[in-house]
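In what follows, a single structure is set out as structure tokens and then discussed.
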Amino acid sequence: MFPEYRELISQLKANDRHFDSLFSKHNELDHKIRNMEARIDPASHEDIEILKKRKLRLKDEMYELIKKASSVQV
């Protein structure tokens with residue numbers, strides 16, 4: 001996710017509790033979705049789609065924080 005911001009993401013995870021929380025929730029959802037798609041965890045197609053949308057909202061929010069932090073560093 002956002003390889004061009006890898007270093008900045010590491011800094012944000014270490015210094016911004018809100019960003020770190022978003023990042024953790026995003027990873028948890030990713031893991032859960034993968035398990036559902038692999039049929040390790042039972043889920044309907046609708047359940048998976050709901051989680052994917054939630055994951056995307058988290059990613060969008062993280063991207064906004066990354067862009068904001070990036071503009072401050074420049």
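The values are calculated or read from the model by the stated rules, or taken from the named source; none is laboratory data. It should be emphasised that the depicted structure is a prediction, and the values quoted were computed from it without experimental measurement. When we count neighbours, we look across all protein chains shown, and the Cβ atoms used for this are built from the backbone with ideal geometry, even at glycine.
Of the residues making up the stretch 41-74, those that are surrounded by fewer than 16 Cβ atoms within 10 Å (Cβ to Cβ), out of contact with any Lys or Arg (no Cβ under 8 Å at 6 or more places or on another chain) and not in a helix (DSSP H, G or I) number 3. Contact map, the stretch 4-21: first residue over 12 Å from residue 69 (Cβ atoms), second residue at pLDDT 95 or above and not acidic (Asp, Glu), Cβ cut-off under 8 Å, separation 6 or more or different chains; pairs are 20/12; 20/13; 20/14. Residues in the stretch 42-71 that are modelled with pLDDT under 95 and touching a helix residue (DSSP H, G or I) at 6+ places or on another chain (Cβ under 7 Å): 70 only. Name the single residue that is nearest to residue 2 (Cα to Cα) among those in the stretch 16-40 being aliphatic (A, V, I, L, M) and in a helix (DSSP H, G or I). Among those that are aliphatic (A, V, I, L, M) and in a helix (DSSP H, G or I), it is 22. Note on the stretch 1-23: residues that are crowded, with 17+ Cβ neighbours inside 10 Å and either in contact with a His (Cβ under 8 Å, 6 or more places away or on another chain) or among the hydroxyl-bearing types (Ser, Thr, Tyr) (or both) amount to 1.
Yes or no: residue 26 touching a helix residue (DSSP H, G or I) at 6+ places or on another chain (Cβ under 8 Å), touching a residue at least 12 places away in the same chain (Cβ under 8 Å) and loosely packed, with under 13 Cβ neighbours inside 10 Å? For residue 26, the condition - touching a helix residue (DSSP H, G or I) at 6+ places or on another chain (Cβ under 8 Å), touching a residue at least 12 places away in the same chain (Cβ under 8 Å) and loosely packed, with under 13 Cβ neighbours inside 10 Å - is not met.
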